[in-house]
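Taking it in order: structure first as structure tokens, then the write-up.
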Amino acid sequence: MKINKKIFYDKVLGCYIGKNIGGTLGTPDEWKRQINNYTFYTHDITGEPLPNDDLDLQFINLKALEMTGPKVTAREIADYWLMYEDFNCGEYGIAKANLRSGILPPLSGSLNNPKKNSCGAFIRSELWACVCPGRPDLAVKYAYEDAIVDHGDGEGTYAEFFTAAVQSAAFVENDIRNLINIGLSYIPGHCGVAKAVQTAISSFEKGLTWQECRDEILKYHRGSIPDHLDFLCSEEDKKKGFHTGKVGYDAPSNIAIIVAGLLYGEGDFEKSLLTTANMGEDTDCTAGFVGALFGIIMGYEALPQKWVEPIGHTIKTFCCNEAHGKDYLSKTVYELTHRVVNMAKMISAYYGFVISDFKMSTMDISDEETDLSQVKYEDLLCQNTALYEQRDVMLSTKGPRYDHNLFSVSVEYEDYVLEPDKDVEVTLKFLSHSWVLPINLNVEWNSDDLIIEPSVKEQINLWIGTGQKNLTFKVRPVRADFEYKARVEITAPGYSLFMSIPLSFASYRRMTEDEHYDLFGKL
């Protein structure tokens, strides 16, 4: 695949301008459960966009990517979130509290987090799509590392898989139905996001109006009104019984609203944008995604200037901490685009070979003319069933993964909440790399807080082609406390290898006594 660098720059610029357009349009009525009547912006137009966490949170992930490089993982992203993310509400605040207690991703996004099924992850997918143009598999890989920080094994993580795949594919595929199918191919059909999307598609195919489609989505897939504040729900929706719902279960319905907006918008930028925003719910997020998607498809130059001129090209942030410096922020969409394009070139060079489970190479961004003649819709779908199944397993694995040049280790907690006189199993799953020579590993636990059985020291032998080997331990607390720490050290005789894996457990006391708060109060 080849794309002319000027065309690529125009598409990335269009993506972030579109994000600002949709976010600014939807912000005044964010989280109101009602049918809106948007025809244009409703805020006081000043030539600047409204501040929006959907866009400025991506600065944190971009900083982590710039400093760490293409191998960035959830742990590096989590560190930058603790330094720079200044918004302590909902899933963000819960994840940060877990991280400060030593709970690592994906547990940081799962533990005691009723908001893990909400919208805070998919709103960040543009970065991963733009640095992996035409490679939805890579975009989803990065989206996984991002989403599990604050959404763990929740629907919010599946939502970002979907949006990252759709936006990445949009660099080489313009058909809306095809893009929706590509997004669906990267999430399991049993998840709530997939079921909600199918409701939107089915309603559209039955010939329902967009208003009727919206009611079908809320009938079967809605979350609760934030903190059950009735004034956020219209009287019409109260009569339909839409004033109740599952706390934090917001990603499925909002992704379905995006899909409905795209289908009923019939490929038109303005119609799609307005239809999406008029369905209500998390309007800045849903309209922001639609604006960004069309920005990628159309490019900045083709976006209607009637939507661009009133908000200009600046970026307004409100949840990014500047105490550690402002170098990670960009004041304009032009500056942001320049940085993202540079990272796209780096990732293209890093993955500059055909990966066996995907039929297309990375995008070649150069002075040459764009050539997408070899791109086929079928090749953009999730290709490797085994990898897809592994990704689904990774989401259900209760613990982080650590990669070494010779092997990988994932930690699976039977439970991460400890009680006195109760054993909990912890399994270390070792996966040898196919090119590695046979290697013997020493595994040793260090902890003053835990009793480890059968022994604090074990050995494991990894051989070429033997696949996965497991070590299972039983742990229980020495005394009652609020949290427990341990460290597993892995060494290999004859090698300079050393890997230290931190493990953290929550106490039943913390789970019963600790309280979390979101923007509207106690959860």
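The values are calculated or read from the model by the stated rules, or taken from the named source; none is laboratory data. Note that the structure is predicted; figures quoted are calculated from it, not measured. Cβ placement follows ideal geometry from the backbone for every residue including glycine, while neighbour counts extend to all protein chains displayed. Heavy atoms of the whole protein, side chains included, go into the accessibility calculation; ligands, DNA and RNA do not. Shrake-Rupley method; radii C 1.70, N 1.55, O 1.52, S 1.80 Å.
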- Task: Can you tell me the 0 to 90 degree angle between the C-alpha axis of helix 269-278 and the longest principal axis of the chain, rounded to 10?
- Result: 70
- Mind computing the radius of gyration and Dmax over the alpha-carbon atoms of segment 138-220? Å is fine for both. 13.6, 39
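Rounded to the nearest 0.05, what FRET efficiency is calculated for Asp367 and Lys326 with R0 set to 35 Å and r the Cβ-Cβ distance? Can you show the working numbers first?
Working: r = 33 Å, r/R0 = 0.95.
With R0 = 35 Å, the Cβ-Cβ based efficiency is 0.60.
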- Query: His338 to Ile451: extension gain in nm, 0.36 nm per residue of separation minus the Cα-Cα distance?
  - Reply: 35.4 nm
- Query: At a Förster distance of 60 Å, what's the computed FRET efficiency of Phe318 paired with Lys469, Cβ-Cβ distance as r, to 0.05?
  - Reply: 0.80
- Message: Taking a virtual spin label 7 Å from the Cα of Asp421 along the C-beta vector, which residues in segment 435-455 bring their backbone nitrogen under 17 Å of it?
- Response: 451
- Using Cα pairs closer than 8 Å and at least 6 residues apart in sequence, work out the relative contact order for segment 1-135, in percent. 20
- By average C-beta atoms within 10 angstrom, highest first, the peptides 202-209, 84-91: 84-91, 202-209
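Probe radius 1.4 Å, ligands and nucleic acids ignored: give me the carbon and sulfur share of the accessible area of segment 130-223 as a rounded percent. Show your work: numbers first, answer last.
Details: 1120 of 2460 Å².
Within segment 130-223, the accessible surface is 45 percent carbon and sulfur.
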- Message: Applying a 10 Å radius around every beta-carbon, put 102-112, 399-409, 477-487 in order of their mean neighbour count, most first.
- Response: 102-112, 399-409, 477-487
- Mind ordering 362-369, 164-171, 128-135, 314-321 by average Cβ neighbours within 10 Å, highest first? 164-171, 128-135, 314-321, 362-369
- Message: Suppose each label sits 7 Å from its Cα in the direction of the beta carbon; what would the Lys485-Asn181 distance come out to in nanometres?
- Response: 5.3
- Please give, to one decimal in nm, the separation of the simple spin-label points placed at Gln198 and Gln305, each 7 Å out from Cα toward the Cβ. 4.7
- Residues whose placed amide H lies under 5 Å from that of Thr370, excluding near-sequence neighbours: Asn4
- Query: Which of the residue pairs Lys11/Lys96; Lys19/Lys376; Lys141/Lys316; Lys32/Lys271 have a Cα-Cα distance greater than 31 Å in the structure shown?
  - Reply: Lys11/Lys96
- Taking every pair of alpha-carbon atoms in the chain, what share in percent sits in each 20 Å bin, from 0 to the bin with the longest distance? 23, 55, 22, 1
- Where the only charges are on Cβ atoms (+1 Lys, Arg; -1 Asp, Glu), what is the dipole of segment 4-130 about its Cα centre, to the nearest 20 debye? 480
- For labels at Thr209 and Lys240 in the simple 7 Å Cα→Cβ model, what's the distance in nm? 1.1
- Note on the structure: Taking r as the C-beta separation of His190 and Gln459 and R0 as 41 Å, the FRET efficiency to the nearest 0.05 is 0.60
